[in-house]
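Notes to accompany the following structure.
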Amino acid sequence: MNIPKRRLNTKNPYVLEEQVGFILRQATQRHTLIFAERMSEDLTPTQFSALVKLHAVSPVSQNLLGRLTAMDAATIKGVIGRLVARGYVEAQPDPQDSRLRLLKLTSLGRRAVERSLPLAEAITQETLAPLGARERATLLRLLRRLC
């Protein structure tokens with residue numbers, strides 16, 4: 001959406017639409033809309049991230065999963081609670097440390113991930129569609145430097 005930039009106060013050179021946070025938020029909103037329209041299983045981006053990471057590294061503690069998916073403790077707790085309730089994830093006591101619960105995908109969760117991975121690839125392609133191959137690589141490289 002191209003909204004004209006207007007400076008209402010010429011003494012203030014700050015233009016919201018030129019700020020990195022504003023632009024990143026617009027890009028995130030666009031990607032989130034594409035994700036919601038295309039993703040199966042009624043998964044949110046955070047739920048999908050947790051499932052994909054569990055598919056790759058389970059069993060894993062909830063704390064580590066939160067770190068691996070860049071979610072704070074409260075967010076990962078809620079995400080896992082919803083995934084457990086849906087039957088996609090199960091928690092078991094860690095045999096090495098009884099204070100920890102290890103998370104792993106159920107067979108239902110594994111099938112959900114396997115159905116969703118091709119959709120996720122298509123979502124990424126659609127999100128980046130306005131860019132050429134070199135622009136995509138540059139954008140991803142620069143965004144990684146910000147993280």
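The values are calculated or read from the model by the stated rules, or taken from the named source; none is laboratory data. Every value quoted in this text rests on a predicted model; they were computed, and no experiment measured them. Note that each Cβ is placed from the backbone with ideal geometry, even for glycine, and that neighbours are counted across all protein chains shown. Side chains are part of the model used for accessible areas, which takes the heavy atoms of the whole protein and leaves out ligands, DNA and RNA. Shrake-Rupley method; radii C 1.70, N 1.55, O 1.52, S 1.80 Å.
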Seminar exercise, completed: Picked from the range 48-77 (must be closer than 22 Å to ARG99 by Cα and among the polar types (S, T, N, Q)), the residue nearest to the chain's Cα centre (by Cα) is THR69
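Can you confirm whether the range 79-87 contains a residue that is in a loop (DSSP other than H, G, I, E, B) and surrounded by 11 or more Cβ atoms within 10 Å (Cβ to Cβ)?
Of the residues in the range 79-87, the ones in a loop (DSSP other than H, G, I, E, B) are 86-87.
Those still in the list that are surrounded by 11 or more Cβ atoms within 10 Å (Cβ to Cβ) too: 86-87.
Yes, because at least one residue in the range 79-87 is in a loop (DSSP other than H, G, I, E, B) and surrounded by 11 or more Cβ atoms within 10 Å (Cβ to Cβ).
Inside the range 57-73, can you point out the residues that are of a type in the set (A, V, I, L, M) and either in contact with a Lys or Arg (Cβ under 7 Å, 6 or more places away or on another chain) or surrounded by 15 or more Cβ atoms within 10 Å (Cβ to Cβ) (or both)? Even if it seems obvious, please write down each step before you answer.
The first filter runs over the range 57-73 and keeps only residues of a type in the set (A, V, I, L, M), leaving 57, 60, 64-65, 68, 70-71, 73.
Passing the criteria: VAL60, LEU64, LEU65, LEU68, MET71.
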Problem set entry | the range 114-145, subset open to solvent by less than 70 Å² (accessible area, probe 1.4 Å) and not hydrophobic (A, V, I, L, M, F, W, C), residue farthest from the chain's Cα centre (by Cα) | GLY132
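I'd like to verify a number: residues in the range 88-116 that are within 16 Å of ASP42 (Cβ to Cβ), of a type outside the set (Val, Ile, Thr) and part of a helix (DSSP H, G or I), how many? Explain how you work it out, then say what you get.
Filtering the range 88-116 down to residues within 16 Å of ASP42 (Cβ to Cβ) leaves 88-89, 108-109, 111-113, 115-116.
This time we only want the ones that are of a type outside the set (Val, Ile, Thr), so: 88, 108-109, 111-112, 115-116.
Filter again for part of a helix (DSSP H, G or I), leaving 108-109, 111-112, 115-116.
Number of matching residues: 6.
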Problem set entry | Where a residue in the range 51-78 is under 18 Å from PRO95 (Cα atoms) and touching a residue at least 40 places away in the same chain (Cβ under 8 Å) and its partner, wherever it lies, is of a type in the set (A, V, I, L, M) and part of a helix (DSSP H, G or I), with Cβ under 9 Å and at least six apart | SER58/LEU65; VAL60/LEU54; VAL60/LEU68; GLN62/ALA73; GLN62/ILE76; GLN62/ILE80
Exercise. Taking the range 13-56 on its own, how many of its residues are acidic (Asp, Glu), part of a loop (DSSP other than H, G, I, E, B) and open to solvent by 50 Å² or more (accessible area, probe 1.4 Å)?
Worked result: 1
Seminar exercise, completed: Of the residues in the range 89-113, those that are open to solvent by 50 Å² or more (accessible area, probe 1.4 Å) and either in contact (Cβ under 8 Å) with a residue 24 or more places away in the chain or under 15 Å from the mean Cα position of the chain (by Cα) (or both) come to GLN92, LEU100, ARG101, LYS104, ARG110
Exercise. All but one of (1) in contact with a strand residue (DSSP E or B) (Cβ under 6 Å, 6 or more places away or on another chain); (2) of a type in the set (S, T, N, Q); (3) within 28 Å of ILE23 (Cβ to Cβ) hold for THR138; which doesn't?
Worked result: (1)
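Take ARG99 and tell me if it is modelled with pLDDT of 95 or more and among the basic types (Lys, Arg). Even if it seems obvious, please write down each step before you answer.
Working: modelled with pLDDT of 95 or more: no; among the basic types (Lys, Arg): yes.
When the stated conditions are applied, ARG99 does not pass them.
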For this session: Starting from the range 133-147, take each residue that is modelled with pLDDT of 95 or more and list its partners that are surrounded by 10 or more Cβ atoms within 10 Å (Cβ to Cβ), counting only C-beta distances under 7 angstrom and pairs at least six apart or across chains.
Result: ARG136/LEU128; LEU139/LEU131
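Regarding ILE76, is this residue open to solvent by less than 60 Å² (accessible area, probe 1.4 Å), closer than 23 Å to SER40 by Cβ and in contact with a Lys or Arg (Cβ under 9 Å, 6 or more places away or on another chain)? Give the derivation first.
Details: open to solvent by less than 60 Å² (accessible area, probe 1.4 Å): yes; closer than 23 Å to SER40 by Cβ: yes; in contact with a Lys or Arg (Cβ under 9 Å, 6 or more places away or on another chain): yes.
Yes; evaluated as a whole, the condition is true for this residue.
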